[in-house]
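Okay, so here's the structure we're looking at.
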């Protein structure tokens with residue numbers, strides 16, 4: 001029986017990896033200009049980290065985590081998201097002590113879900129985290145950063161949706177009011193929503209079942225339970241976004257899937273993703289550090305899935321093809337091959353991509369391989385060239401210009417000039 005990859009955990013092949021690297025380069029430069037610094041955390045954490053932060057009743061903890069015991073009997077989990085690990089690292093290493101931090105991360109996450117377009121069991125996230133700021137200004141900055149990303153990638157801007165979940169006290173009052181509203185409609189709700197009515201009632205707002213959404217149309221709004229300070233901050237954020245020219249809508253039903261959020265939450269929704277339309281999402285999580293044993297640390301951030309974003313880029317024709325070498329180096333004879341290695345090294349040191357022909361092959365077949373490689377130029381070194389101290393340069397994509405010979409010592413400067 002052949003061994004294959006685990007369902008929902010995909011290989012990133014050489015033919016596609018260039019698109020990933022190009023996307024990552026855009027992120028890195030964007031985070032640099034906003035002065036965010038990278039952090040890298042382990043793939044595996046204590047299970048308690050996620051159950052305490054994300055919430056025992058959340059779908060992620062109750063249904064989707066990869067959890068197992070190690071050889072010491074400790075329960076450990078493949079990380080399902082990045083924020084809890086960043087907060088854990090910040091507390092463990094004193095990163096938040098009397099400091100403000102702008103941090104970013106990227107890497108694979110793991111959730112046991114039904115694989116579908118843009119959503120896999122091993123998926124890749126990139127995210128930013130801002131620690132130590134309480135106001136709407138840091139929220140506007142983070143959303144502005146995400147907005148700049150769409151511009152840099154040259155894709156159609158997704159739709160920005162905002163909401164505020166308020167404080168724990170206000171949310172508790174709202175949950176009671178929502179439960180009282182839904183109780184008379186229990187039999188009309190979908191099965192998952194019925195189960196959540198006595199547990200995580202807020203998650204009912206996120207139901208995708210049309211009949212449940214019809215009932216929710218008349219439900220109380222969480223915005224009615226915000227106190228004056230929370231309303232003021234939410235309005236200030238909206239005013240900043242208007243000043244920045246970033247359009248948005250307020251979605252009173254948005255709750256997000258993680259229990260640690262408070263006050264502002266947001267999503268960028270893209271029409272090209274179908275039912276799973278969220279491409280970027282985040283919000284404020286001021287009390288997450290307290291849940292993990294630290295002091296209160298105001299925090300705001302977001303994460304986005306790279307697979308989903310690459311789907312959008314591909315759908316809009318923005319994805320870049322696989323890179324090709326600048327030069328394909330052809331040689332004939334053992335002496336010429338030895339010299340070819342030396343010259344190829346000089347070209348590489350000058351920053352040029354060079355593919356050496358390795359293995360046996362007649363000259364005609366080497367030319368065919370050079371053409372197939374996608375290289376723009378071939379450098380040819382045979383016995384005749386070697387005796388003259390020269391190489392032949394052949395243009396592979398322009399038949400109007402003849403091949404020509406140059407001295408070996410001119411190779412690097414000549415190729416550099418040709419490729420400029």
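The values are calculated or read from the model by the stated rules, or taken from the named source; none is laboratory data. Bear in mind that the values here come from a model prediction, so they are computed numbers and not experimental data. Here the Cβ is made from the backbone with ideal geometry for all residues, glycine too, and neighbour counts use every protein chain on show.
Which condition breaks for residue 331 when tested against (1) in contact with a strand residue (DSSP E or B) (Cβ under 6 Å, 6 or more places away or on another chain); (2) modelled with pLDDT of 90 or more; (3) loosely packed, with under 13 Cβ neighbours inside 10 Å?
Tallying (1) in contact with a strand residue (DSSP E or B) (Cβ under 6 Å, 6 or more places away or on another chain); (2) modelled with pLDDT of 90 or more; (3) loosely packed, with under 13 Cβ neighbours inside 10 Å, residue 331 fails exactly one: (3).
Which of the helices (runs of 4 or more DSSP H) contained wholly in the stretch 336-420 include at least 2 residues that are under 43 Å from the mean Cα position of the chain (by Cα) and closer than 12 Å to residue 326 by Cα?
Of the helices (runs of 4 or more DSSP H) lying wholly inside the stretch 336-420, those with at least 2 residues that are under 43 Å from the mean Cα position of the chain (by Cα) and closer than 12 Å to residue 326 by Cα span 363-373, 411-419.
Condition first: in a loop (DSSP other than H, G, I, E, B) and either under 12 Å from residue 45 (Cβ atoms) or in contact (Cβ under 8 Å) with a residue 24 or more places away in the chain (or both). Now tell me which residues in the stretch 71-113 satisfy that.
74, 79, 80, 81, 82, 95, 96, 99, 100, 111, 112, 113
Tell me, yes or no, whether the stretch 259-266 has at least one residue that is within 22 Å of residue 222 (Cα to Cα), modelled with pLDDT under 95, touching a helix residue (DSSP H, G or I) at 6+ places or on another chain (Cβ under 6 Å) and not in a strand (DSSP E or B).
yes
Can residue 288 be described as at pLDDT 90 or above, crowded, with 20+ Cβ neighbours inside 10 Å and assigned by TED's automatic domain parsing to the domain that holds residue 107?
In short, yes.
One residue is enough: does the stretch 228-243 have a residue meeting the conditions assigned to a loop (DSSP other than H, G, I, E, B), more than 30 Å from residue 210 (Cβ to Cβ) and at pLDDT 90 or above?
Within the stretch 228-243, not a single residue is assigned to a loop (DSSP other than H, G, I, E, B), more than 30 Å from residue 210 (Cβ to Cβ) and at pLDDT 90 or above.
Of the residues in the stretch 347-363, how many are touching a residue at least 12 places away in the same chain (Cβ under 8 Å) and touching a helix residue (DSSP H, G or I) at 6+ places or on another chain (Cβ under 9 Å)?
The qualifying residues number 8.
Kindly check whether there is at least one residue in the stretch 101-118 that is modelled with pLDDT of 95 or more, assigned by TED's automatic domain parsing to the domain that holds residue 279, over 20 Å from the mean Cα position of the chain (by Cα) and more than 25 Å from residue 26 (Cβ to Cβ).
For the stretch 101-118, residues modelled with pLDDT of 95 or more, assigned by TED's automatic domain parsing to the domain that holds residue 279, over 20 Å from the mean Cα position of the chain (by Cα) and more than 25 Å from residue 26 (Cβ to Cβ): absent.
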